[in-house]
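K.L.:
What follows is a structure written as structure tokens; I'll ask about it next.
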Number of protein chains: 2
Amino acid sequence: MKLSQGVEWSVHCAVLLAQGPPGTVASRRTLAGFYGLPEAYLAKHLKSLVRSGVLHATSGPRGGFRLARPAAEITVLDVVEAVEGEASAFVCTEIRQRGVCAIPAEQCVRRCTVDRIMQDADDAWRESLRGRTIGEIARGLSPEVRERSRGYLAENRPA
Amino acid sequence: MKLSQGVEWSVHCAVLLAQGPPGTVASRRTLAGFYGLPEAYLAKHLKSLVRSGVLHATSGPRGGFRLARPAAEITVLDVVEAVEGEASAFVCTEIRQRGVCAIPAEQCVRRCTVDRIMQDADDAWRESLRGRTIGEIARGLSPEVRERSRGYLAENRPA
DNA sequence: GTTTCAATACTCGGATAGCCGTTGTCCGAGTGTTCGGGG
DNA sequence: CCCCGAACACTCGGACAACGGCTATCCGAGTATTGAAAC
């Protein structure tokens, strides 16, 4: 089990946008350049963030990406689910109903215990990410870093 | 992000072994037949469980797999980590140290906040799985299921 | 000087190849049984 | 009847293909700018 690399990129990009003034817009070139990431591939993930309603995109000059909501209302889970999907990591295939000792469906009134345990763990994981917001991360960065980020965003702000 | 299918199979197989008397041995053919799983592929995962010290394997006739410890001392996390590995799902590549605004290494005394949040979530996931044991699952099954499992294990017990 | 319009340059979005890991399968090494032969 | 040995059958272990998804990239559609030309 391994998370997509796009998760790290997406969270950092969202945090970068959150460091600027509300409504800050940055093109994918600007975002990719800040972290030294491949621009074309990063675009794929940014597109997912737009589809999920985390970011808002505008075309043309002066266009780019901006946060769709205040940073304090965007959880890390929102970003992760935008990239990885909302599906649980564990999918129960009901193997207890297969094989020579298959349990009849009428005896399967209770959910598979293994499934329940795995889903509980998945819920704990998501709950942990749901409690952290992009705004919280941006606010916790050192003043030097925030200042440098704001400067870069202002420089590369579309005319 | 998707967990390997072997996780479900492995947990169920461990629970099946836990339903029999302590020291119950079952060959991979017996285990695969019980759930209607492809024997050859299941063997791959059972091998991982042996490497991780969850199961103990013996060769030859009357051989097979048995739990390496009492079922109450085997956590679901033990089984999951045996199949999926102990590595965290998130790997921080320190992208803050790359790009045009790279933060110098000397300013990176604190761990990357994003990394810490992702690791916290990963820890919560693992902690949830660490709290559940194979024995607990086996004990919670209905008497009918347990009886049927014990019967199957006794029938296919190596002579 | 003001208005209009067309060319422009920059943006995002979808469609298209490449590589690594999970999936799936096979055959070989090792071991306890067991059956036959000899004492 | 008991002992010995060799063949056997059954087990696990590691090595070898095939598919799917993440990785990586490109080009096309759309839009605000901007500059010049006409009024």
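The values are calculated or read from the model by the stated rules, or taken from the named source; none is laboratory data. It should be emphasised that the depicted structure is a prediction, and the values quoted were computed from it without experimental measurement. Reconstructed Cβ throughout: ideal geometry from the backbone, glycine too, with neighbour counts over all protein chains shown. These area figures cover heavy atoms from the full protein model, side chains too; ligands, DNA and RNA do not enter into them. Shrake-Rupley method; radii C 1.70, N 1.55, O 1.52, S 1.80 Å.
K.L.:
Test of understanding: among B:54, B:7, which residue is in contact with an Asp or Glu (Cβ under 7 Å, 6 or more places away or on another chain), closer than 21 Å to residue A:115 by Cβ and within 12 Å of DNA strand D (Cβ to nearest atom)? Even if it seems obvious, please write down each step before you answer.
P.N.:
Details: B:7 fails: within 12 Å of DNA strand D (Cβ to nearest atom).
When all the criteria are applied, what remains is B:54.
K.L.:
Scan the stretch A:125-135 residue by residue and report those that are part of a helix (DSSP H, G or I) and surrounded by fewer than 18 Cβ atoms within 10 Å (Cβ to Cβ). Write out each step before concluding.
P.N.:
Here is the first cut: in the stretch A:125-135, the residues part of a helix (DSSP H, G or I) are A:125-130, A:134-135.
Within the stretch A:125-135, A:127, A:130 meet the criteria.
K.L.:
Does the stretch A:97-106 hold any residues that are on the phi < 0 side of the Ramachandran plot, touching a helix residue (DSSP H, G or I) at 6+ places or on another chain (Cβ under 7 Å) and facing another protein chain (nearest Cβ under 8 Å), and which are they? Lay out the reasoning, then the answer.
P.N.:
Within the stretch A:97-106, the subset on the phi < 0 side of the Ramachandran plot is A:97-98, A:100-106.
Going one step further and asking which of them are touching a helix residue (DSSP H, G or I) at 6+ places or on another chain (Cβ under 7 Å), we end up with A:97-98, A:100-101, A:103, A:105.
Listed by number, the residues that qualify are A:98, A:100, A:101, A:103.
K.L.:
Here is a further query. Within the stretch A:83-92, identify whether any single residue is open to solvent by 50 Å² or more (accessible area, probe 1.4 Å) and either within 16 Å of DNA strand C (Cβ to nearest atom) or closer than 30 Å to residue B:109 by Cβ (or both), and answer yes or no. Even if it seems obvious, please write down each step before you answer.
P.N.:
Here is the first cut: in the stretch A:83-92, the ones open to solvent by 50 Å² or more (accessible area, probe 1.4 Å) are A:86-87, A:91.
The next check asks that each one be either within 16 Å of DNA strand C (Cβ to nearest atom) or closer than 30 Å to residue B:109 by Cβ (or both); those that pass are A:87, A:91.
There is at least one residue in the stretch A:83-92 that is open to solvent by 50 Å² or more (accessible area, probe 1.4 Å) and either within 16 Å of DNA strand C (Cβ to nearest atom) or closer than 30 Å to residue B:109 by Cβ (or both).
K.L.:
How many residues are surrounded by fewer than 14 Cβ atoms within 10 Å (Cβ to Cβ) and under 24 Å from the mean Cα position of the chain (by Cα) if we restrict to the stretch A:140-156? Talk me through it step by step, then tell me what you get.
P.N.:
So the first thing to find is which residues in the stretch A:140-156 are surrounded by fewer than 14 Cβ atoms within 10 Å (Cβ to Cβ), and the list is A:140, A:142-144, A:147, A:151, A:154-155.
Narrowing further to those that are under 24 Å from the mean Cα position of the chain (by Cα): A:140, A:142.
Number satisfying all stated conditions: 2.
K.L.:
Let me ask another. When you go through A:32, A:43, A:89 one by one, which is the residue that is within 11 Å of DNA strand D (Cβ to nearest atom) and more than 14 Å from chain B (Cβ to nearest Cβ)? Working first, answer last.
P.N.:
Details: A:32 fails: more than 14 Å from chain B (Cβ to nearest Cβ); A:89 fails: more than 14 Å from chain B (Cβ to nearest Cβ).
Only one candidate passes the filter, namely A:43.
K.L.:
Taking the condition of being assigned to a loop (DSSP other than H, G, I, E, B) and among the β-branched types (Val, Ile, Thr), how many residues in the stretch B:12-34 meet it? So that I can check it myself, show each step before the final result.
P.N.:
As a first pass, look at the stretch B:12-34 and keep what is assigned to a loop (DSSP other than H, G, I, E, B): B:20-25, B:27.
Cutting the leftovers down to among the β-branched types (Val, Ile, Thr) gives us B:24-25.
Looking only at that region, the number is 2.
K.L.:
Listed residues B:138, B:82; which is under 22 Å from residue A:96 (Cβ atoms), more than 16 Å from DNA strand D (Cβ to nearest atom) and in contact (Cβ under 8 Å) with a residue 12 or more places away in the chain?
P.N.:
Of the residues listed, the single one that is under 22 Å from residue A:96 (Cβ atoms), more than 16 Å from DNA strand D (Cβ to nearest atom) and in contact (Cβ under 8 Å) with a residue 12 or more places away in the chain is B:138.
K.L.:
Let me ask something else. Among the residues of the stretch B:48-75, what is the count of those that are more than 9 Å from DNA strand C (Cβ to nearest atom) and open to solvent by 60 Å² or more (accessible area, probe 1.4 Å)? It would help to see each step written out before you state the result.
P.N.:
Step one: filter the stretch B:48-75 for residues more than 9 Å from DNA strand C (Cβ to nearest atom), giving B:48-57, B:64-75.
Still in the list and also open to solvent by 60 Å² or more (accessible area, probe 1.4 Å): B:51-52, B:56, B:66, B:69-70, B:72-73.
Total meeting the criteria: 8.
K.L.:
Is at least one residue of the stretch B:129-146 closer than 30 Å to residue A:131 by Cβ, in contact with a Leu (Cβ under 9 Å, 6 or more places away or on another chain), at the interface with another protein chain (Cβ under 7 Å from one of its Cβ atoms) and among the β-branched types (Val, Ile, Thr)?
P.N.:
The answer is no; no qualifying residue exists.
K.L.:
Determine which member of the set A:148, A:139 is in contact with a Cys (Cβ under 6 Å, 6 or more places away or on another chain) and either polar (S, T, N, Q) or in a helix (DSSP H, G or I) (or both).
P.N.:
Values: A:139 fails: in contact with a Cys (Cβ under 6 Å, 6 or more places away or on another chain).
Exactly one of A:148, A:139 is in contact with a Cys (Cβ under 6 Å, 6 or more places away or on another chain) and either polar (S, T, N, Q) or in a helix (DSSP H, G or I) (or both), namely A:148.
K.L.:
Name the single residue that is farthest from the other protein chains (Cβ to nearest Cβ) among those in the stretch A:110-123 being open to solvent by 30 Å² or more (accessible area, probe 1.4 Å) and of a type outside the set (S, T, N, Q). Steps first, please.
P.N.:
Our first condition is that a residue be open to solvent by 30 Å² or more (accessible area, probe 1.4 Å); within the stretch A:110-123, this holds for A:110-111, A:113, A:116, A:119-120, A:123.
Subset that is of a type outside the set (S, T, N, Q): A:110-111, A:116, A:120, A:123.
Working: A:110: 8, A:111: 12, A:116: 10, A:120: 6, A:123: 8 Å.
If we take residues in the stretch A:110-123 being open to solvent by 30 Å² or more (accessible area, probe 1.4 Å) and of a type outside the set (S, T, N, Q), then A:111 is farthest from the other protein chains (Cβ to nearest Cβ).
K.L.:
On the given criteria, is residue A:73 within 13 Å of another protein chain (Cβ to nearest Cβ) and of a type in the set (Asp, Glu)? Spell out the reasoning first.
P.N.:
Numbers: within 13 Å of another protein chain (Cβ to nearest Cβ): no; of a type in the set (Asp, Glu): yes.
When the stated conditions are applied, residue A:73 does not pass them.
K.L.:
Among the listed residues B:67, B:3, B:77, B:16, identify the single one that is among the hydrophobic types (A, V, I, L, M, F, W, C) and over 14 Å from residue B:134 (Cβ atoms).
P.N.:
Working: B:67 fails: over 14 Å from residue B:134 (Cβ atoms); B:77 fails: over 14 Å from residue B:134 (Cβ atoms); B:16 fails: over 14 Å from residue B:134 (Cβ atoms).
Of B:67, B:3, B:77, B:16, the one residue that is among the hydrophobic types (A, V, I, L, M, F, W, C) and over 14 Å from residue B:134 (Cβ atoms) is B:3.
K.L.:
Tell me, please, whether a residue that is part of a helix (DSSP H, G or I), touching a residue at least 12 places away in the same chain (Cβ under 8 Å), of a type outside the set (A, V, I, L, M) and within 16 Å of DNA strand D (Cβ to nearest atom) can be found in the stretch A:100-115. Outline the logic, then answer.
P.N.:
So in the stretch A:100-115, the residues part of a helix (DSSP H, G or I) come out as A:105-107, A:113-115.
Right, trim to touching a residue at least 12 places away in the same chain (Cβ under 8 Å) and you get A:114-115.
Cutting the leftovers down to of a type outside the set (A, V, I, L, M) gives us A:115.
Right, trim to within 16 Å of DNA strand D (Cβ to nearest atom) and you get none.
No, the conditions are met nowhere in the stretch A:100-115.
K.L.:
Search the stretch A:1-46 for residues being charged (D, E, K, R) and near DNA strand C (Cβ under 10 Å from one of its atoms), and hand back the single one that is surrounded by the most Cβ atoms within 10 Å (Cβ to Cβ).
P.N.:
A:28
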